[in-house]
Amino acid sequence: MGNTNLNAAKTAKNDEFYTLFEDIEKEMNAYLEFDPDVFKDKTILLPCDDPEWSNFTKYFAQNFDRFGLKKLVSTSYAPNSKPEDIPYQPTLFELEGSDFSEEKTRERGKIFTLVRDRNGDKKINLNDLEWSYLEGDGDFRSDEVTRLRDEADFVITNPPFSLFREFVPWLLAGTAQFSVIGDLNAISAAEIFTPLKEGLFWVGVTRTGTGQMFFEIYEGAPVKTGQVEIDGKRYQTIGSSAWFTNIEHGIRRRPLRLATMQDNLKFSKDKKLKEMGYAPLDNYDAIGVPRVELIPSDYDGPMAVPISFLGKFNPSQFEILDANNFRLPHFKKTKPHGLIKDADSSIGGKATYQRMLIRRIQS
């Protein structure tokens, strides 16, 4: 597949973010705590990666023996398929390789594999990685990378946010389990919301708002709000970023402890609840709930809750009904961006932040 298929990623600015090691570790630990053998004898694919310096590759390579992995595969985009303002210099690791090519280094993606002890130190780790050039530029939609997906047991990565709505259907077309980073706001798209509602995947453990997930940004990236600098490196939060996964973790089975509607109205100090109560949506049969912890335990009808609810969603306690981009003040009069086709995105005539519709499962 040619570079034209990566136009969206190539022209997008500030779309290259590097996941921190501690955030990968925290997320994977949740799966390992639920099932210590979750990765045993499995093949893990890390697409959309930069294996030479990626924390994904580093994390799984250094834990190869501990997890009992069968095989680790990482692939990268060709530099010429990335945004044009991202600087590129071949690493020493590539330059010293016998397969290094001045022509291929920019035009082709690379594949790194880890499967055996190459240096004879009786352990498998980062030092045993083998690499070669891909035939194409590393686009995940290519036949080449798709075959790798179909050979893997797990796909774990941080894909370009601009391609997330294409990446999730690509994942679901295969059989591998996955854990990938995206934006919670993406649930307003049918490609994301429909399979999420059907329980084909759910939100993981680590997300912005629960410890503030930061990403390292490349040198020369635009200066924006939400960035911090530590030891000469810049880091940035990215919207409502979160892990999306179909790997089981125990946290999503924890029930939300909630108070009754009457107790919330009486004791909560939430300003919006004090001002408006549980006001109904203007054009949909549901009440508005300003914060997840204010979901009433004794209300059985539809409720419009913040999308951060997905981080606390217990499928035994609630069902997901619908979602849309509630930031649009008059949704029914605009081009639909979500799944509620006839609802105004307002309460009392005022636009609200993005919400989703849920209902309590009666016991």
| Which is of a type in the set (Asp, Glu), assigned by TED's automatic domain parsing to the domain that holds ASN55 and either at pLDDT 95 or above or more than 29 Å from the chain's Cα centre (by Cα) (or both), of ASP137, ASP128, ASP99? | ASP99
| Options GLU229, GLU219: the member that is in the same structural domain as ASP117 (by TED's automatic domain parsing), assigned to a loop (DSSP other than H, G, I, E, B) and surrounded by fewer than 21 Cβ atoms within 10 Å (Cβ to Cβ) | GLU219
| message | If TRP53 satisfies all but one of (1) out of contact with any Phe, Trp or Tyr (no Cβ under 9 Å at 6 or more places or on another chain); (2) at pLDDT below 75; (3) over 19 Å from PHE161 (Cβ atoms), what's the number of the condition it fails? | response | (1)
| message | Among the numbered criteria (1) under 14 Å from ASP139 (Cα atoms); (2) modelled with pLDDT under 70; (3) in contact with a helix residue (DSSP H, G or I) (Cβ under 8 Å, 6 or more places away or on another chain); (4) small (Gly, Ala, Ser), which one does GLY2 miss? | response | (3)
| query | When region 167-195 is examined, which residues are found to be assigned to a helix (DSSP H, G or I), at pLDDT 95 or above and farther than 15 Å from THR245 by Cβ? | reply | PRO169, TRP170
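Each row is one residue, and each column tells you yes or no for (1) under 28 Å from ARG108 (Cα atoms); (2) surrounded by fewer than 18 Cβ atoms within 10 Å (Cβ to Cβ); (3) small (Gly, Ala, Ser); (4) in contact with a strand residue (DSSP E or B) (Cβ under 9 Å, 6 or more places away or on another chain).
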{"residue": "ALA30", "(1), (2), (3), (4)": "no, no, yes, yes"}
{"residue": "PHE39", "(1), (2), (3), (4)": "no, no, no, yes"}
{"residue": "ILE44", "(1), (2), (3), (4)": "yes, no, no, yes"}
{"residue": "SER54", "(1), (2), (3), (4)": "yes, no, yes, yes"}
{"residue": "GLN62", "(1), (2), (3), (4)": "yes, yes, no, no"}
{"residue": "PHE67", "(1), (2), (3), (4)": "no, no, no, yes"}
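Condition check ((1) surrounded by fewer than 23 Cβ atoms within 10 Å (Cβ to Cβ); (2) of a type outside the set (Ser, Thr, Tyr); (3) under 15 Å from LEU321 (Cα atoms)) across all residues:
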position	(1), (2), (3)
ARG165	yes, yes, no
PRO169	yes, yes, no
ILE187	no, yes, yes
ALA190	yes, yes, yes
THR194	yes, no, yes
| query | Looking at region 37-61, which of the residues that are outside any strand (DSSP E or B) and of a type in the set (A, V, I, L, M) is farthest from SER74 (Cα to Cα)? | reply | VAL38
| task | Return the only residue of ASP137, ASP150 being part of a helix (DSSP H, G or I) and in contact (Cβ under 8 Å) with a residue 24 or more places away in the chain. | result | ASP150
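The values are calculated or read from the model by the stated rules, or taken from the named source; none is laboratory data. Values in this document were obtained by computation on a predicted structure and should not be read as measured data. Ideal geometry is used to build each Cβ from the backbone, glycine not excepted, and the neighbour counts take in all protein chains shown.
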